[in-house]
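Structure first, commentary second.
Every read-out reported here was derived from the displayed coordinates using simple, explicitly stated rules and does not represent laboratory data. This is a predicted model, so every value here is computed, not measured. Virtual Cβ from ideal backbone geometry, glycine too; neighbours counted across all protein chains shown.
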Amino acid sequence: MAEIVLDHVTKRFPDGTTAVDDANLQIGDGEFIILVGPSGCGKSTCLNMIAGLEDISEGQLRIGGRVVNQLAPKDRDIAMVFQNYALYPHMTVRDNMAFALKLAKVDRTEIDRKVDEAARMLELTAFLDRKPANLSGGQRQRVAMGRAIVRSPQAFLMDEPLSNLDAKLRVQMRTTVSRIQNQLGTTMVYVTHDQTEALTLGDRVAVMRAGVIQQVGTPEELYEQPRNLFVAGFIGSPAMNFLPATRENGQLRTPLGDLELPAEVRAKVDQAGAGRNLIMGLRPEHFEDAALVGDKKPQGLTFSASVEVLESLGADKYVYFHLQGARASARELEELAADAGATDVPGGADQVVARLDAASRAREGEQLELWFDARKLHLFNPENGAHLTL
Amino acid sequence: MNSGARTRTLWGVSNTVVIIVAIVPVLWIASLSFKDPSTITDGTFLPRKWTLENYRGIFDTSLFTRALVNSIGIALIATVLAVVVGSMAAYAIARLRFPGKGLLVAATLLIAMFPPISLVSPLFNLWRQIGLFDTWPGLIIPYLTFSLPLAIYTLSAFFREIPWDLEKAARVDGATPFQAFMRVIAPLAAPGMVTTAILVFIFCWNDFVFAISLTSTNASRTVPAAIAFFSGASQFETPVGSIAAAGAVITIPIIIFVFFFQRRIVAGLTSGAVKG
């Protein structure tokens, strides 16, 4: 077990593209850290650099205090699980799991003991003599994990290990991964593009965008104090709503109505040097049916909107609506929309979603009085995407 | 008669025609090889007087037996070298990005298309100068020249189908690049290697142009060349029976090969065609 440190690590490909730009990350001993971001953000390249499968163009990578930039993968003592599992098709499950130990010339009885132990842990004992072709997707995935576990490496690297499983199995395997990491206490670096996976699994999460680490923090930190528009929009499901807003003499003019900006917020916005135009962000759960708010009403703002779609999930209701002229624009938002596929759906980009209590009387196609909690409002600078009120 | 049956009949007839056209010459050679010298020209398909005299005759002379040893040795060495060198080159072509890769592939293909006959006289002179004339290496080298492009091309099609992640996995598991190749990639490419080996072997085994031009004695003359030196009982007699017997003998290894590996050969040829 060891800590992994990325010290100003940069990866440039021969064709000139920068896949990872000046990444700094301290992964503590035994920590479970997630690299998350849309496809092409450099998260897998980061992982490959830690594994030694990609050269590091600049900067230093240290595992357990040792600089490993020049070390071959085999000398780094790390195990990796690949998205497509990369099981050796000509070997049985047992041989797949034993491969690394055989290469390391471990004693035969020791190999058998370790393989059996890992197989028990992953409930693979019955399949040890099968070839990967005769296994289901979930079983193959477990063999891939088993192959990593038997080695008792310094760190596990996982490259979207669950993305080829169907939704139900994925949730099951998520808990298995969590359990294994807890049991073994080994440092784990886990790459995913699924923010739900990131929030549920990680001790800490690093959000990446276009080769740059945007923010590193616990899931709660990322959710409640996103440092910029991108993190705010990427973390959370359904995603945060973004609306344009303008400042006028201490007032904030928004498509939902005008509201008074508290003095300290105004000071922070001035300090950040943002212009008049801002972007405000509101999480869906900070809306409520105005009829159900009660005495919290003064902290927020009431407005009315026409409900386009209503999704009733039992515990709560999701209400989707559009607001006149309510399209916030910023580069980060366009990227997020493209990643989520919202650009392919007409009206998908500027739809607002609110999560209401199940008791709400909202009906599709009808006007509804809605309320939002102004204290939970996030304000961003549309120029650089920075959060203004942290 | 429905259309399914008609299609089947049509296929049956055309297949039969193709098989007859292909197999009659082979059977004719076999039949000749069993005929008594006096009945060789009688024109019957089945020998009227069966004899093993022709076979006994060719195996009595060192001309043929020595040539058989040369043929087997030269073809096997060339095949092993072509597969070993070819698979490494093919792996590099399939996996690595390096400057001039396109040029390299184009150049190998160009060599494969070069008419061998045009190389014969320069090689003849060159080989005599540097002492390779009438030696095993003197034949193995030009065979490699022409079989390597074939080997590289077929093998790289196979390697391209093997997921790269397998090699990455092996290397993270602690394998050196060479171990990853030997223990993970090569076993998976084995069908491709067998196919390539057979194709290369057949090419070397059948070659006549280089064999007749670059050899002069039993030291390295292969069977196809040696057959041309067969002589009859008298100088007025063509040794048809012996030639037929030798022809039948050297067909046997090829038939055995193809019989055992035919499915692999077909798989190899088609996978090369689709993926190449």
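Here are some notes:
- Positive contributions from Lys and Arg (+1) and negative ones from Asp and Glu (-1), summed over other residues with Cβ under 12 Å from the Cβ of B:I93, come out at +4.
- One compactness figure for segment B:59-151 is 1.31, namely its Cα radius of gyration divided by 2.2 N^0.38 Å.
- Taking the Cα centre of segment A:167-283 as reference, the dipole from Cβ charges on Lys and Arg (+1) and Asp and Glu (-1) amounts to some 340 debye.
- Three-way shape call for chain B based on the alpha-carbon gyration tensor, with the a/c threshold at 1.5: oblate
- At R0 = 45 Å, FRET efficiency that the Cβ-Cβ distance of A:E58 and A:R276 yields, to 0.05: 0.70
- Environment charge of A:E248, counting only residues whose C-beta is closer than 12 Å and scoring Lys/Arg +1, Asp/Glu -1: +2
- The protein assembly as shown - charge dipole about Cα centre, Lys and Arg +1 at Cβ, Asp and Glu -1, debye rounded to 20: 2560 debye
- Dipole magnitude of segment B:61-273, debye to nearest 20 (Cβ charges: Lys/Arg +1, Asp/Glu -1, about Cα centre): 420 debye
- Label-to-label distance, A:K168 versus B:F114, with points set 7 angstrom from Cα along the beta-carbon direction: 6.4 nm.
- At an R0 of 60 angstrom, the distance between the Cβ atoms of A:Q26 and B:V80 translates into a FRET efficiency of 0.70.
- The mean number of partner chain beta-carbon atoms within 10 angstrom of a residue's beta-carbon across peptide A:141-149 is 1.
- Local electrostatic count, A:G211, Cβ distance below 10 Å [Lys/Arg +1, Asp/Glu -1]: +2
- Rounded if a/c under 1.5, otherwise prolate or oblate - segment B:1-111, Cα gyration tensor axes: oblate
- Residue order, fewest to most surrounding Cβ atoms within 10 angstrom, among B:F260, B:F124, A:F242: B:F260, B:F124, A:F242
- Exercise: per-residue mean of other protein chain Cβ atoms within 10 Å, A:40-53: 1
- Proximal aspartates and glutamates relative to A:K43, as straight alpha-carbon distance under 16 Å, when same-chain residues fewer than 8 apart are discounted: A:D7, A:D21, A:D22, A:E54, A:D55, A:D159, A:E160, A:D194, A:E197, A:D339
- Three-way shape label, segment A:38-111, alpha-carbon gyration tensor, a/c 1.5: oblate
- Length added when fully stretched, B:F59-B:V24, from 0.36 nm per residue minus Cα-Cα: 10.1 nm
- Think of chain B as having a plus end and a minus end, set by charges on the Cβ of Lys, Arg, Asp and Glu; of B:L63, B:A82, B:S38, B:A82 sits farthest toward the positive end of this dipole.
- Residues B:R128, B:R66, A:R361, A:R94, arranged from fewest to most other Cβ atoms within 10 angstrom of their Cβ, appear as A:R361, B:R128, B:R66, A:R94.
- As a rough footprinting exposure proxy, the listed residues B:V17, A:V189 were ranked by other beta carbons within 10 Å of their own, and the order from fewest upward is B:V17, A:V189.
- Most tightly packed first, judged by the mean number of other beta-carbon atoms within 10 Å of their residues, the peptides A:274-283, B:91-100 read A:274-283, B:91-100.
- Within the protein assembly as shown, helix-based [θ] at 222 nm, where runs of 4 or more DSSP H residues each add -39,500 (n - 2.57), nearest 500: -14500 deg cm²/dmol
- Fraction in percent of alpha-carbon pairs per bin - 10 Å, the protein assembly as shown: 3, 12, 16, 16, 14, 12, 10, 7, 5, 3, 2, 1, 0
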